[in-house]
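Visitor: Sharing a structure here in structure tokens format.
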Amino acid sequence: MTAPIERSRRVASATVDPGFPALKDRVIARTGHNYYEDKDDLLYDRLRKRMRSRGVADCAAYSSLLDGAAGREEWAALEAEITIGETFFFRYAEQFAALRKTILPELIEARSEIRRLRIWSAGCSTGAEPYSLAILVHDLLSEALADWSVTILGTDLSAGALAVAREAEFGPWALRTLDTEERARWFRRTPARPGLPHGGYALRPAFRRMVRFERQNLLTLIDGSDRTQGGFDLILCRNVLIYFSTDHVTRIVRALGERLNPQGWLLIGHAEPNPTFSQWLQPVALPGTVAYRPIDTPVPPPPPVLVSALPDLAPILVAPPPEPAPAAAASTLPVPIPRPAPPAIAHPLSPGDLLAEIRVLADAGETARAWRRLHEEIDGYATDSPLRYYEGLLALDLGREREAERALRGALFLDRGFVMAHFQLGLLLARVGRRGEAARALDNALRLAQGLPPETILPEGDGVSAARLAESARRALAGITGRDA
């Protein structure tokens with residue numbers, strides 16, 4: 001294993017570079033990213049990437065570069081490097097379910113006389129969030145959209161991320177929660193180009209033109225320099241506050257609340273709520289999430305939670321990693337019963353830590369690097385089905401369809417009830433023309449999802465609920481068989 005040794009080198013380098021502490025203080029002071037206060041190895045790794053790019057030897061030389069003529073440009077590049085952006089569409093499906101079923105319909109009804117909506121996606125990264133909102137508003141208003149004034153603003157600290165957002169072209173990783181029909185309806189396929197060697201998906205103009213982007217540091221909300229006008233009906237600031245200190249978070253959330261209309265809504269990340277916020281905003285419990293509104297807004301009661309049993313599955317060919325089963329035997333082999341897992345081998349990284357590292361790289365658009373990093377370690381986690389599943393997703397993004405199939409089948413060998421693995425395998429097999437096997441995999445995904453309470457959030461589904469997955473699997477099956485499932 002080379003990665004733990006490499007990680008030790010990074011920590012050691014950060015420790016022995018005498019200019020690192022001062023540079024770290026400068027970075028945190030400028031960006032407000034207290035997230036890096038106790039993450040010297042991660043910050044140094046990102047600084048080192050910029051230092052190599054600019055041909056400087058150490059932190060002191062890099063700090064001088066930031067003070068020089070090219071400092072403004074380099075600060076923008078560094079800020080982009082240290083900001084970890086999520087890039088997939090409809091992230092946290094439970095929040096988008098709340099937007100679709102409760103928040104946006106209520107806003108549309110309340111604004112029906114003036115026919116105007118103002119939405120702000122703060123910390124939008126490469127644009128998947130504001131574009132997801134555009135798709136949702138377009139769908140809800142339908143033909144009436146032409147009579148409405150809808151403004152969706154996306155802001156981010158990273159100039160590089162905003163440049164990607166304005167291009168509105170994404171790889172398969174960013175669309176991993178969408179089924180085939182959704183991809184075709186909202187995107188068009190694009191040919192291979194640098195950065196997307198296997199082609200990508202360009203957002204259709206009807207959604208793209210609903211969003212505009214601006215560069216912004218959220219610290220400007222509390223230092224008096226922000227130029228963003230208030231009066232927003234909806235603000236999303238999700239998984240951005242984790243970067244800031246507790247004091248900054250409190251002041252930022254208060255400033256966001258002050259920019260809401262009297263009956264507006266605020267959504268933040270699942271891990272970011274704080275009891276202090278109730279001084280200015282009222283928490284509203286919605287299925288699977290919490291939203292915030294100005295004080296004295298009526299709160300609907302949450303629905304009950306039910307429990308259901310796992311259904312029987314139709315046979316599907318699964319194969320143990322690392323080798324796939326022969327194609328000729330696909331229609332006759334029974335489902336193997338997984339053998340008991342061998343005793344665990346001690347590793348420097350837990351599977352969860354490795355998966356988090358892989359996702360950070362992939363969500364930042366570095367799927368090739370994430371793939372290499374996973375393959376440095378994957379043999380030591382042979383019985384971990386989520387890692388095999390993400391191996392399959394990364395392979396799909398890189399155009400390695402055979403390896404993707406092998407990895408997804410490996411995940412199913414380890415966990416026959418892995419709903420998302422059945423679903424992604426079915427989409428892959430449909431794409432390569434193996435319709436019978438695809439239908440079997442999608443049918444398993446459908447029946448597994450139908451056997452769960454509708455609001456259940458599926459493991460490794462990035463917030464996708466059982467109900468939404470069942471709907472997607474049903475549509476995909478109908479596309480293959482020509483009839484409703």
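Visitor: Which of the peptides 28-35, 96-103 is most tightly packed, and how do the rest follow, judged by the mean count of other Cβ atoms within 10 Å per residue?
Guide: Final packing ranking: 96-103, 28-35.
Visitor: Looking at 420, 375, 356, which one has the Cα that reaches farthest to the positive end of the dipole of the stretch 349-435 (charges on Cβ: Lys, Arg +1; Asp, Glu -1)?
Guide: 420
Visitor: Between residue 163 and residue 246, 0.36 nm times their residue separation minus their Cα-Cα distance comes to what?
Guide: 26.9 nm
Visitor: Moving on. Packing-wise, with mean Cβ within 10 Å as the measure, how do 116-128, 64-76 rank, highest first?
Guide: Peptide ranking by packing, descending: 116-128, 64-76.
Visitor: A further question follows. Using 0.36 nm per residue, how much length does the chain from residue 110 to residue 56 gain when fully extended, once their Cα-Cα distance is taken away?
Guide: 13.8 nm
Visitor: So, counting K/R as plus one and D/E as minus one, what does the shell of residues with Cβ under 10 Å around residue 117 add up to?
Guide: +3
Visitor: Further question: Near residue 49, which lysines are there with a Cα under 20 Å away, not counting those fewer than 8 places off in the same chain?
Guide: Cross-link targets: 24, 39.
Visitor: Just the number please: accessible area per residue for the stretch 361-430, 1.4 Å probe, all protein chains included, in Å².
Guide: Heavy-atom accessible area per residue stands at 30 Å².
The values are calculated or read from the model by the stated rules, or taken from the named source; none is laboratory data. Predicted model, so just to flag it, every value in this text is computed and none were measured. Because the Cβ atoms are built from the backbone with ideal geometry, glycine has one as well, and the counts that use them run over all protein chains shown. Heavy atoms of the whole protein, side chains included, go into the accessibility calculation; ligands, DNA and RNA do not. Shrake-Rupley method; radii C 1.70, N 1.55, O 1.52, S 1.80 Å.
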